[in-house]
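Structure, as structure tokens:
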Amino acid sequence: MVRAALPPLALLVATPALAQSALPPAQDLNQLEQIVVTTLGADVGQPGGPLVRIDRRMRLAACPIGIQVDPPSAGAVTVRCTTAGWRLRIPLMRTADGSAGQQTALARPADIRKGDPVQLVARARTFSISVDATALEDANIGNRIRVATNSKGSTIFGEVVDVGRVSLIGFK
């Protein structure tokens with residue numbers, strides 16, 4: 001009886017090792033943290049830098065194309081990988097004047113301001129569609145922004161491509 005129980009027990013022990021090898025590659029969190037620290041210009045725990053280190057227990061899918069770090073907003077910075085489909089908000093350490101890294105975002109005036117009328121554009125190889133919309137937040141060229149269409153008022157995310165022009169994200 002003991003011999004019959006050993007092979008299934010051996011399979012149970014080997015299963016976690018097989019499951020680990022079947023997982024897709026993970027994003028290097030040390031590299032991700034270094035990108036954030038370099039972008040902000042302040043180390044972990046320093047004023048204007050990340051409040052704490054990124055939790056190493058997380059497992060994020062590896063990002064095949066560049067990682068995007070959005071400007072600080074509401075006391076945190078957003079790090080995202082659109083191709084892998086993940087987004088991470090990292091809280092920032094407050095500076096002596098009480099802000100949390102806002103000086104980076106305020107260094108340049110916004111190209112689009114909250115409440116500005118914008119053209120929301122969706123483009124394909126053979127056509128282009130544009131709709132009037134209203135910006136729901138401040139943003140610079142290259143940043144993501146929420147806009148509300150004037151017809152139904154639904155909120156849509158887009159990328160600022162020029163002053164007054166927002167491109168629909170994910171439209172191919």
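Values computed for the structure shown
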quantity: Residue in the stretch 111-121 that is among the hydrophobic types (A, V, I, L, M, F, W, C), in contact with a Leu (Cβ under 8 Å, 6 or more places away or on another chain), modelled with pLDDT of 85 or more and at negative phi present; calculated: yes
quantity: Search result, residues across the stretch 119-138 that are surrounded by 11 or more Cβ atoms within 10 Å (Cβ to Cβ), among the β-branched types (V, I, T) and farther than 12 Å from N150 by Cβ; calculated: V121, I129
quantity: Hey, Q46 in a loop (DSSP other than H, G, I, E, B), of a type in the set (S, T, N, Q), modelled with pLDDT of 85 or more and not assigned by TED's automatic domain parsing to the domain that holds G142 or not; calculated: yes
quantity: Some residue of the stretch 7-30 being modelled with pLDDT of 80 or more and surrounded by 16 or more Cβ atoms within 10 Å (Cβ to Cβ); calculated: yes
quantity: Count - residues of the stretch 144-154 that are at pLDDT below 90 and over 18 Å from the mean Cα position of the chain (by Cα); calculated: 6
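The values are calculated or read from the model by the stated rules, or taken from the named source; none is laboratory data. Model, not experiment: these values are computed from the prediction. With ideal geometry, Cβ positions are generated from the backbone for all residues, glycine too; neighbour counts draw on all protein chains shown.
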